[in-house]
1. If the Cβ limit is 6 Å and pairs must be 6+ apart or interchain, which residue in region 50-70 that is over 19 Å from residue 25 (Cβ atoms) and in a loop (DSSP other than H, G, I, E, B) pairs with which residue that is among the basic types (Lys, Arg) and modelled with pLDDT of 85 or more?
2. Take region 71-87 and flag every residue that is of a type in the set (S, T, N, Q) and either farther than 15 Å from residue 28 by Cα or loosely packed, with under 12 Cβ neighbours inside 10 Å (or both).
3. Conditions: (1) in contact with a Gly (Cβ under 8 Å, 6 or more places away or on another chain); (2) modelled with pLDDT under 80. Residue 24 meets all but one. Number of the miss?
4. I'd like to check something: does region 8-20 contain any residue that is under 18 Å from the mean Cα position of the chain (by Cα), at negative phi, outside any helix (DSSP H, G or I) and hydroxyl-bearing (Ser, Thr, Tyr)?
5. If you check 33, 24, which single one turns out to be at negative phi, under 16 Å from the mean Cα position of the chain (by Cα) and in a loop (DSSP other than H, G, I, E, B)?
Amino acid sequence: MGLDPLPGYVEPVESTRRETVAETRRYPLYLLTPNTKNRIHSQFGNLPSIRALAPHPVLFVHPSDAKPRRIRGGSRVRVFNDRGALE
């Protein structure tokens, strides 16, 4: 089929490693949304039993990224880019 037998890496179009992307300085972090322990993506978030375990979304950020942004444990934060925001 003409495919490379080994997987290769392709840098994402909006990568912070691409110097030509102007948003790199404005938005230097990536937002990753992995599955949580008690949900499959956003499924089951409406169930009372799941809400009892995890009543609200949680952001995990490395201390070296949190400190200059004055984010501390338990802080309410706003995550945003040009496409939208969540709090």
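1. Matching pairs, first to second residue: none at all.
2. 75
3. Just one mismatch for residue 24, condition (1).
4. yes
5. The unique qualifying residue is 33.
The values are calculated or read from the model by the stated rules, or taken from the named source; none is laboratory data. Just so we're clear, the structure is a prediction, and the values are computed from it rather than from any experiment. In this analysis, Cβ positions are derived from the backbone assuming ideal geometry, glycine residues included, and neighbour counts consider all displayed protein chains.
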